[in-house]
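Novice: If you scroll down you'll find the structure; I have some questions about it.
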Amino acid sequence: MTTDRPILSRLWEHPIVVMAVVLVAATGIALVTGMPIHRITQIAVYTLYAGGVNFLIGYVGLVPFGASFFFGCASYALAIGGAMIGGNEITGLVIALVFSLLLALVVGAVILRRRGLYFSLLTLACSQIAFEIAFKWTSVTGGENGLQNVERPLFPHALPFHLFSLVVVLGTCWLMWRLAHAPFGRLMQAIRDNEQRVSSLGFDTYRTKLIALIVAGGVIGVAGGLMSLLLQGVYANNLSWQHAGDPVLMAALGGVHHFLGPLWGAIIFITLEDRLSAFTENWWLFFAPIIIAFALLSNEGVQGIFQRMIGRNRWTLTRAAIPPRPADIAPFVSAHVKQQHDSSPILTIRNVSKRFGSIVTQDDVSLEVSRVGLHSLIGPNGAGKTTLFNLLTGVHKIDAGSLLFEGKPIQHLAPYKRARLGMSRSFQILSVFPNLTAFDNVRIAVQAAQQQWGGYWQDAYDDKAATARVWSLLGAVGLADRAGESCAALAHGEKRLLEIAMSLATDAKLLLLDEPLAGLAESDRKVVGDLIQRLAKSHAVLLIEHDIDRVLAMSDRITVLHQGRLIADGKPSEVAGHPEVIAAYLGTAHGKALSSPRAERREIPKIGAATAPLLRVEGVRAGYGGSTVLDGLDLTVQPGEVVALLGRNGVGKTTSLRAITGTLPLAAGRITFDGKEIGGLRPDEINRAGISLVPEGRRLFPNLTVEENLKLAARRGGASQEEICDLFPKLRGLMRQRAENLSGGERQMVAISRALMVPSRLILLDEPFEGLAPAVVQEVREAVAKLTTRASLVIVEHHAESVLAMADRAYVLVNGKVAFSGDAQTLAADTALQERLLGITKAGDLLPEAEKAV
């Protein structure tokens, strides 16, 4: 969606206009019905109070249980300051604002050193400390009786003060809305989604969160000042723990991911409190079930219910529109200028060592990276490649040695400072901003390239140069048509392309690319491969990749790691024939034709025989957020059969598996398993019926050990731990290792093993060979072949050659529909058909360069 819509339509959808209409209408109703006008004033003030809290929750992901600290302290500041220096309502609010800003600065500098629950508890502790001081420091705060007779010289009567309050509330909310759309506001939302990724782009996340807390503290302080003026007094109970959660509750009732959520929450809270307290002193006994009902009906509050009713099930913290797509997208050109005459290395690694407990990931590694060229870092899974990237970028600290970037030591610098020097990276495990659009994901990275660490007023989309740059980057990776989609709705391969665009956007001197081709279809691999080669002509590129044929064809230099040691370093021709490299990484099967496991399995009943299909998918339509991804999908799986599900990125392969496993509801069609319809069952019921999923990205529980991951899935009739270790002998020695410390290949073994712990008759494997070293691919392929004696398999894999060799039948999806259905070997032999449906170049296209390297 773009911004090209009628002005009146956009104006009516503006949340400040809606808020003004609601509050003015409520004012009119109160005047007509005789309701006390101060009740509407209270709703307005609490809207601002909850809005300030939601500024932290919705935009930054910080939950302040003790926001009453700023609210109550600002009230006392207005009352005490006004009594000391005089003035009126406006000067009083200025006092409350300035005091709250300073208080947030001092307190935030301390409590933001902690995250998550600890931050929330620290704010609550501050509020309770302030309550104790206010309650007992009688000479200053009035103690239990509070401070009375706060003067309102400009607006002594209720109605004028009410109108004054509405102006202040609406004006302050407009400022928050404006800030949310400025570069700083977009940055806050990125931190909410993925703080580590923001830091890797060069932003100081601590500073950003501190400024956000100061802004929220100022907004809450203004609300506290208004409440003091409304009551014409200040009382300590506003600081107590009993009321500390009120603004969080209001924000949650209305919807924390919606700008108008605090308005609806305040209306519900104040109205119910007023009506129920008039009925009984124990009004919370009735209020609590209402809150529970709201939570069960919608985890997005009242606004979320409304969004679903009108068919726009999305967050409304910002406008949905993105800048209009230009008629002609300018080709991507790197802004980095090649340094022609500097022969010194851009990166020097000297005698670096790192260990995690007894596991050694780097053992006296020394390496230099030239200022220009493609330098590939390869090695078996678990060799320490990604860990080396983490050491370079500051995610982990080295135990010994030194890191020099352009001759200067960087081992003691924070991650964001290293990024600002000119070092950018992509991640092995996808690291994007899932709740932002594809456009905003790249725009955040472009903002980092412009060194725009703040930006508090101008709309981020008004920066024409940045916008043009974003479109160029999206066009370079083929995502221009998906720019307005939420990142969460993109396919895995599209997210990988998006992350590559983010890495390129920084215009860094050194690009650290961690398996950028993993999960991409062959057509996209070619595009990205060509892009990397172009960049290597003007940049230093350090690449981790397991597509060994492409690595040999593309690289200027290759370094090989094994068990934390550097075992080979040199030109591709030197490294490819190195005996240690062949033994540790390439494996003896590299370069040989893939063997088919079909002869080892029992005979598969032919389609049309008496045996009924194990799985039947008929006319299935499904998608995300109102969009259609699967459009009439039909497929069958016979007992004991291996089915390959192929297609380019974004055509619906993973979506098909989600529909089968019940994690994505069907819009139409039916799915039957063993003759029983499962389309309406929960995912756990489908799993217990006999369908297991090995998900893309493995999705292990990182803080649990391998053994604990397996035991969580284990059920009677599934494989035993001993059988798992026979299938994957390497896991026998890893049972007590935490999953987060495993390599990609080891994680894949655990993910497959976890599916076997369930008595499954159908196993769905989503990209089982993604990101694996050649030798490990062969090991996993052999294990998968053995699975065919246990269950039917559906394999989603971008590398068609890998899966067609072991499949009985194949389906190829195009735009959510089946474009090919038939014998796998027929498809494997028809290269023209593969080229048309999958974009796969002939297998020999890469061989000349790879053979030259060897």
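Novice: In contact with a Lys or Arg (Cβ under 8 Å, 6 or more places away or on another chain), touching a residue at least 60 places away in the same chain (Cβ under 8 Å) and of a type in the set (Gly, Ala, Ser): does that describe residue 505? Break it down into steps so the answer makes sense when it comes.
Specialist: Details: in contact with a Lys or Arg (Cβ under 8 Å, 6 or more places away or on another chain): yes; touching a residue at least 60 places away in the same chain (Cβ under 8 Å): yes; of a type in the set (Gly, Ala, Ser): yes.
So residue 505 fits the description; yes.
Novice: Report, by residue number, each residue of the stretch 804-822 that is aliphatic (A, V, I, L, M), open to solvent by 10 Å² or more (accessible area, probe 1.4 Å) and closer than 15 Å to residue 656 by Cβ.
Specialist: Residues satisfying the conditions are 814, 818, 819.
Novice: Something else now. When the stretch 805-854 is examined, which residues are found to be at pLDDT below 85, touching a strand residue (DSSP E or B) at 6+ places or on another chain (Cβ under 8 Å) and either in a strand (DSSP E or B) or on the phi < 0 side of the Ramachandran plot (or both)?
Specialist: Those that are at pLDDT below 85, touching a strand residue (DSSP E or B) at 6+ places or on another chain (Cβ under 8 Å) and either in a strand (DSSP E or B) or on the phi < 0 side of the Ramachandran plot (or both): 837, 838.
Novice: Return the residue satisfying two criteria in turn: it lies in the stretch 129-144 and is in contact (Cβ under 8 Å) with a residue 12 or more places away in the chain and farther than 20 Å from residue 223 by Cβ, and of such residues it is nearest to the chain's Cα centre (by Cα). Don't jump to the end; show me each part of the working.
Specialist: Within the stretch 129-144, the first condition is being in contact (Cβ under 8 Å) with a residue 12 or more places away in the chain, and the residues that meet it are 130-131, 134-135, 140-144.
Applying the additional criterion that residues be farther than 20 Å from residue 223 by Cβ yields 135, 140, 142-144.
Values: 135: 44, 140: 48, 142: 49, 143: 47, 144: 47 Å.
In this case the residue turns out to be 135.
Novice: Sticking with this one: Does residue 534 qualify as being buried (at least 19 other Cβ atoms within 10 Å of the Cβ) and in a helix (DSSP H, G or I)?
Specialist: Working: buried (at least 19 other Cβ atoms within 10 Å of the Cβ): no; in a helix (DSSP H, G or I): yes.
Spelling it out, it is not the case that residue 534 is buried (at least 19 other Cβ atoms within 10 Å of the Cβ) and in a helix (DSSP H, G or I).
Novice: Report, ordered by the first and then the second residue, all pairs with beta carbons closer than 6 Å, sequence separation of six or more or different chains, a first member in the stretch 823-834 that is surrounded by 13 or more Cβ atoms within 10 Å (Cβ to Cβ), and a second member that is in a helix (DSSP H, G or I).
Specialist: 824/804; 828/804
Novice: When you go through (1) at pLDDT below 90; (2) open to solvent by less than 10 Å² (accessible area, probe 1.4 Å); (3) within 19 Å of residue 690 (Cα to Cα) one by one for residue 800, which number turns out not to apply?
Specialist: Only one criterion is unmet by residue 800, namely (3).
Novice: Right, something else. Identify all residues within the stretch 656-684 that are farther than 20 Å from residue 614 by Cα and outside any loop (DSSP other than H, G, I, E, B); write none if there are none.
Specialist: The one that is farther than 20 Å from residue 614 by Cα and outside any loop (DSSP other than H, G, I, E, B): 668.
Novice: Let me ask another. Within the stretch 133-149, work out how many residues are among the polar types (S, T, N, Q) and open to solvent by less than 70 Å² (accessible area, probe 1.4 Å). Let's see the steps before the verdict.
Specialist: Step one: of the stretch 133-149, the residues among the polar types (S, T, N, Q) are 138-139, 141, 145, 148-149.
Next, only the ones that are open to solvent by less than 70 Å² (accessible area, probe 1.4 Å) stay: 141.
Result for the stretch 133-149: 1.
Residue-wise test of (1) surrounded by 21 or more Cβ atoms within 10 Å (Cβ to Cβ); (2) touching a Cys at 6+ places or on another chain (Cβ under 8 Å); (3) modelled with pLDDT of 95 or more.
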residue	(1), (2), (3)
198	yes, no, no
202	yes, no, no
214	no, no, yes
218	yes, no, yes
230	no, no, no
237	no, no, no
251	yes, no, no
254	yes, no, no
269	yes, no, no
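Novice: Do we find that residue 514 is of a type in the set (Asp, Glu), modelled with pLDDT under 85 and either in contact with a helix residue (DSSP H, G or I) (Cβ under 8 Å, 6 or more places away or on another chain) or closer than 18 Å to residue 775 by Cβ (or both) in this structure?
Specialist: Working: of a type in the set (Asp, Glu): yes; modelled with pLDDT under 85: no; either in contact with a helix residue (DSSP H, G or I) (Cβ under 8 Å, 6 or more places away or on another chain) or closer than 18 Å to residue 775 by Cβ (or both): yes.
Against the criterion (of a type in the set (Asp, Glu), modelled with pLDDT under 85 and either in contact with a helix residue (DSSP H, G or I) (Cβ under 8 Å, 6 or more places away or on another chain) or closer than 18 Å to residue 775 by Cβ (or both)), residue 514 does not qualify.
Rundown of residues vs (1) farther than 18 Å from residue 239 by Cα; (2) open to solvent by 70 Å² or more (accessible area, probe 1.4 Å); (3) touching a helix residue (DSSP H, G or I) at 6+ places or on another chain (Cβ under 8 Å); (4) part of a strand (DSSP E or B), yes/no style:
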position	(1), (2), (3), (4)
71	no, no, yes, no
78	no, no, yes, no
83	yes, yes, no, no
131	no, no, yes, no
151	yes, yes, yes, no
164	yes, no, yes, no
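Residue-by-condition table, conditions (1) at pLDDT 85 or above; (2) open to solvent by 30 Å² or more (accessible area, probe 1.4 Å); (3) closer than 25 Å to residue 467 by Cβ; (4) not in a helix (DSSP H, G or I):
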| residue | (1), (2), (3), (4) |
| --- | --- |
| 500 | yes, no, yes, no |
| 508 | yes, no, yes, yes |
| 523 | no, no, no, no |
| 526 | no, yes, no, no |
| 543 | yes, no, no, yes |
| 546 | no, no, no, yes |
| 553 | yes, no, no, no |
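Novice: Among the residues of the stretch 478-497, is there at least one that is in a loop (DSSP other than H, G, I, E, B), surrounded by 22 or more Cβ atoms within 10 Å (Cβ to Cβ) and out of contact with any helix residue (DSSP H, G or I) (no Cβ under 7 Å at 6 or more places or on another chain)?
Specialist: no
Novice: For residue 102, state whether it is within 32 Å of the chain's Cα centre (by Cα) and in a helix (DSSP H, G or I). Give the steps one after another, and end with the answer.
Specialist: Working: within 32 Å of the chain's Cα centre (by Cα): no; in a helix (DSSP H, G or I): yes.
Taking the combined requirement at face value, the residue does not satisfy it.
Novice: If you go through the stretch 174-181 one residue at a time, do you hit one that is open to solvent by less than 50 Å² (accessible area, probe 1.4 Å) and within 17 Å of residue 78 (Cα to Cα)? First the steps, then the outcome.
Specialist: First, the residues of the stretch 174-181 that are open to solvent by less than 50 Å² (accessible area, probe 1.4 Å): 176-177, 179-181.
Subset that is within 17 Å of residue 78 (Cα to Cα): none.
Checked against the condition, which is being open to solvent by less than 50 Å² (accessible area, probe 1.4 Å) and within 17 Å of residue 78 (Cα to Cα), the stretch 174-181 yields no hits at all.
Novice: What residue, of 57, 40, 90, is surrounded by fewer than 21 Cβ atoms within 10 Å (Cβ to Cβ) and in a helix (DSSP H, G or I)? Walk me through it before giving the result.
Specialist: On the way: 57 fails: surrounded by fewer than 21 Cβ atoms within 10 Å (Cβ to Cβ); 40 fails: surrounded by fewer than 21 Cβ atoms within 10 Å (Cβ to Cβ).
Result of the check over 57, 40, 90: 90.
The values are calculated or read from the model by the stated rules, or taken from the named source; none is laboratory data. Fair warning: this is a prediction, and the values are worked out from it, not measured in the lab. All Cβ positions, glycine included, derive from the backbone under ideal geometry; neighbour counts span all protein chains shown. These accessible areas exclude ligands, DNA and RNA; they are computed on the full protein's heavy atoms, side chains included. Shrake-Rupley method; radii C 1.70, N 1.55, O 1.52, S 1.80 Å.
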